Structure formats: C-alpha cells, structure tokens
1. Does the stretch B:29-43 contain any residue that is in contact with a Ser or Thr (Cβ under 8 Å, 6 or more places away or on another chain), within 14 Å of another protein chain (Cβ to nearest Cβ) and either within 30 Å of A:Asp334 (Cβ to Cβ) or not hydrophobic (A, V, I, L, M, F, W, C) (or both)?
2. Among (1) at pLDDT 90 or above; (2) surrounded by fewer than 18 Cβ atoms within 10 Å (Cβ to Cβ); (3) closer than 14 Å to B:Tyr104 by Cβ, where does B:Asn17 come up short?
3. Consider A:Asp133 carefully, then state whether it is in contact (Cβ under 8 Å) with a residue 40 or more places away in the chain, more than 14 Å from every other protein chain (Cβ to nearest Cβ), of a type in the set (Asp, Glu) and buried (at least 20 other Cβ atoms within 10 Å of the Cβ).
4. Tell me, please, whether a residue that is more than 20 Å from A:His235 (Cα to Cα) and either part of a helix (DSSP H, G or I) or of a type in the set (Val, Ile, Thr) (or both) can be found in the stretch A:328-347.
5. Take A:Arg197 and tell me if it is surrounded by 16 or more Cβ atoms within 10 Å (Cβ to Cβ) and among the basic types (Lys, Arg).
Amino acid sequence: MSDVIDRPILAAEEAAKSRLRIIDCDVHPSIHAHADIEQFMPKRWQQHLRTYGSHLRTPYIGTTPYPRSSPLIARRDAWPPTGGPPGSDLDFMRKQHLDPLDIEYGILQVLDLFIFSQQNLEFGAAVQRAINDWQLAFWSDRDPRLKASILAGQDDTEFAIAEIERCAKIGRYVQINVCPRANEPLGRRRYWPIYARAQELGLPLGIHVGGYGGHAPTGSGWPSYYVEEHQSNAHTMAAQLTSLVLEGVPERFPNLKIVFIEGGFGWIPSTTWRMDRHFEAFRSEVPHLKRRPSEYVKEHFWFTTQPIDEPDEGKHLRSLIEWVGADRLLFSSDYPHWDFDDPRYAFKTPLTEAERRKIFNGNARAVYKF
Amino acid sequence: MARHIVARTTDIPPGGNKVFGVEGRDIVVFHVNGEFFALLNRCPHEGAPLEKAACVARLTSPEPGVYQRSRVGELLRCPWHGWEFDMRNGQSWFDPKRVKVRSYPVAVESGEELQKGPYVAETFPVRVEDNYVIIET
C-alpha cells in the first residue's frame, strides 16, 4: 500500500519552524438566534420575516432544492458544545479553528438567511444590511482577526450602491460581496455601477459560490443529486469568469480586484486556454478587449484554494498551481463547513517556501491591504 | 505488541465510542453490533477526528434502482469530507487501494484473565465480574 497518511503531509515544512501565520479568506459565521439579526432590521422587515419568512428564487420554500451531505452543511465536529449551529459561537470558533491554526485574519463570508437568493429584493436588501451590521457587532468588534465583507445583492443595484456607500463610511469592511448566481451574467452592464464604486473605493469584489439566481444551477438544467449541484459550483465560476472578462470588466475597470471564493482552481487553466483560443478566432466580436483573456485573468483575478483539487498524482496538483500561478491563489478553509480544507494537509504536493508565503498569507495581505 | 487495557465493555455503550490516549496517540474505540473496533482517531485524508464520524451501513448498488444495505453501523463516514472507512480494517471504501486508517486489534477478555496482564492493577480498577476492553498497539 502506498501511503498510510497518519502524519503531517508536509512534515519537512512543519520541521522548518518558520512562523507563517495563515490568512483564511473564507470563514463562515452563523446566526445564533434570529433575535441577534432582527435588532438590525427595521420593524417592518422583522414583521415580514416572522409573517412570510424566506421565499427564494428556486423551488421549495425556506430551504435549498438539494439536501446537503451533512446537517447545515457543517463538519460534524463543529457543533458548539454550548448549543446553536456550527459557526455561531465565537469562543468555540477560536478554540477549534482560529487559535490552533494560527489564523492571522479570517474573512467572514455570510450565507445565512439565503442572503442573495431572496425573491423579494427589498427584503433581501434588509437582510443584507442587517447582516452587514451584525458582522461588525458580533464578530469583528469581538475579535479583530475577523474581517467583514459588505454584502450587496446586485440585482437591486440601487440598493447595492447605497449599502456600499453606507458601509464604506464605517470603513471597517475589506471587500464587497456579490452573488455568482444573479439574474444575469456578472459581466452585464447593469452591474457595472457596483464595479465602478468598488474600484473607486479600492475594495476587492468578492464572489462566493452558492445562491440561486432564479435559473437552474447548471447550464444543462436541474441536476438530480447534491453531488452534481456541488460540482456545478465550479461551472458557475467558470461561466462568470468568462462573462466578466469577455464583457470587458477588467478592461473598463483596470484597478478593480476580483476574488473568486470557494470555487477551487482546477478549472481555471482550461477555461483561460479556451478563452484565448476563441479570442484569437473571434476577436472582432469583442473589439473592446485589448489583450488576450488570460492576461486579464493573471492580473485582475484571485482565487481561493478550497475546495482544493486532489488529482491521483500529486504532481498534477503541482502543475495546476503553476498553470494558475501561485500569485493568484489565496488560502481558504471554509470553516466550519463539511468540505473544510486544513492548511496543514490540504495541499497534497510540496510547496516551495516562497509559494507557501504567497498562498497562505502574502497574496491576501496585498489584495486586502492588511 | 503492547497490550493496553483501556475500558470496561460497559463504558462504551452500543453504537457509541470513546477516545483513549495510548502511547501519545488518540485511539478511538467503537462498540458496534456487539463488537469493538479501535482506530487511530484521525482521518488519513486531512486529519478529522473520527470520533465524530457517522456510523453508517455499507450501501451498494449492483445496478441502477437496486440498493443493498449491509453491515449496518460498521462503516465510518468521516465528519468532514464524508469518506467512508471500514471499521474492521480501516479500509477506505472511497478509494480502497490508496488510503487506509490505521486500525488496531481489539480484544475483549474476562476480568479473571485480565489480572494476568502487566498493567491491570496499576492503571485500571479491576472487577472480575466485568469485561474489559484491551487495545494492542
């Protein structure tokens, strides 16, 4: 048998004892009780939440169309002993995740209350606004390692801009989050005012997988299984990268940084190779592009690493990292969700010291200006 | 092979498990269908604690639409990524050729026999009417 893996994979790196603190670009906090979030909502929307609840842009009321692989899509060891859902207890998050893994900064990604999938856009906006306040009051204020993102659902673009302005004045958010599954592809011009404002403010645009934009999650329709839907996260990200690049977003907003979160990175090389090939053939259709698509990708986009790909042979992961570029990768764990990646063991191929420093800390430090 | 007496059989209820520190390692012992199984408390994939695993059945399908459940409770489903391991030998059912959880032989012996062992009196209270769980490492 080739490998009984009951030791740190990168034992040599552990032995190096070089202190490299981790920046985790995807940490999911959860609401402990509805009252926590309602205090940040106007009475009108508190009443709405109690009376009507969530209506999503998908089949089924108040839930997702696919049963998840584990309760609340969480690690089974992440339920706090004090009660409440995984990710809802800061002390337990510190004890289980932030402290033992020496997380220098964790960037909060909130998915609660189907944040970007509410059919009622006004209610969705009220939820996003409340969660933006809740992130500071319940997390960033209590642990300065945890950094908040401005959630701004792009289909109500007017609200999104107003919310970005409101939060930017507070000045403590590190990113503007929009949904990868919106009514239209992300490159469409209706969303450009958000990108313009993000560029002016110098805040990266974060795009975390998930959500329902009212369309089937795959280009071929509604799949049967969660395993298929989960697979489609990468397809959605590839479609949105293609849309943003080919519609000219990085050309129009050259200082905008765009971070793809929880989409992994194995799909990027083939997507960019194909875009380049097609661009050479059809550039007259998109004359607004001045450069090959891959060049925009290599300068304007970053990708978080989880869920990391695990080819049968480690050298193939090595190749993926080289093809995408260690400069583009930001480590993320997805704590406390079931597909969590542990920074000590997730990379089943050795990294150079320079690559480790970039992927686990340096790249994120530069993108988020820590 | 060192023998470690870690618990009375009654300390681990049917369907439950318990973790023991043995020579610096955490070993988890499961009690399933009247048998005991001991494994390193650490998934070989990314290190998840197997004590939190779901104990599931082996689910196989010879053809679409036909399903067979067997060995109920004897397969571990990792608490993180859901990889399945056979409690009996640590074999991964996800990728049987490649990854294996280290497993340890477990014996259940009567209290009288335990008194012959070198560690019984020092480490654990012995009551001859009970059975004890021993881990060999």
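1. yes
2. That leaves (2) as the condition not met.
3. Values: in contact (Cβ under 8 Å) with a residue 40 or more places away in the chain: yes; more than 14 Å from every other protein chain (Cβ to nearest Cβ): yes; of a type in the set (Asp, Glu): yes; buried (at least 20 other Cβ atoms within 10 Å of the Cβ): no.
Taking the combined requirement at face value, the residue does not satisfy it.
4. no
5. Against the criterion (surrounded by 16 or more Cβ atoms within 10 Å (Cβ to Cβ) and among the basic types (Lys, Arg)), A:Arg197 qualifies.
Listed here are the residues, each with its yes/no results for (1) among the acidic types (Asp, Glu); (2) touching a Phe, Trp or Tyr at 6+ places or on another chain (Cβ under 6 Å).
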site	(1), (2)
A:Met237	no, yes
A:Leu246	no, no
A:Asn255	no, no
A:Thr271	no, no
A:Leu289	no, no
A:Phe301	no, no
A:Asp327	yes, no
A:Tyr335	no, no
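This table checks each residue for (1) in contact (Cβ under 8 Å) with a residue 12 or more places away in the chain; (2) more than 19 Å from A:Glu355 (Cα to Cα).
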{"residue": "A:Val245", "(1), (2)": "yes, yes"}
{"residue": "A:Gly248", "(1), (2)": "yes, yes"}
{"residue": "A:Gly264", "(1), (2)": "yes, no"}
{"residue": "A:Arg292", "(1), (2)": "yes, yes"}
{"residue": "A:Trp302", "(1), (2)": "yes, no"}
{"residue": "A:Ile308", "(1), (2)": "yes, no"}
{"residue": "A:His316", "(1), (2)": "no, no"}
{"residue": "A:Val324", "(1), (2)": "yes, no"}
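Residues checked against (1) within 14 Å of chain A (Cβ to nearest Cβ); (2) closer than 18 Å to B:Val29 by Cβ; (3) of a type outside the set (A, V, I, L, M, F, W, C):
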residue: B:Gly65; (1), (2), (3): yes, no, yes
residue: B:Gln68; (1), (2), (3): no, no, yes
residue: B:Leu75; (1), (2), (3): no, yes, no
residue: B:Trp83; (1), (2), (3): yes, no, no
residue: B:Pro105; (1), (2), (3): no, yes, yes
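The values are calculated or read from the model by the stated rules, or taken from the named source; none is laboratory data. From a predicted model like this one, the values you see are computed outputs, not experimental measurements. Every residue, glycine among them, receives a Cβ derived from its backbone with ideal geometry; neighbour counts consider all protein chains shown.
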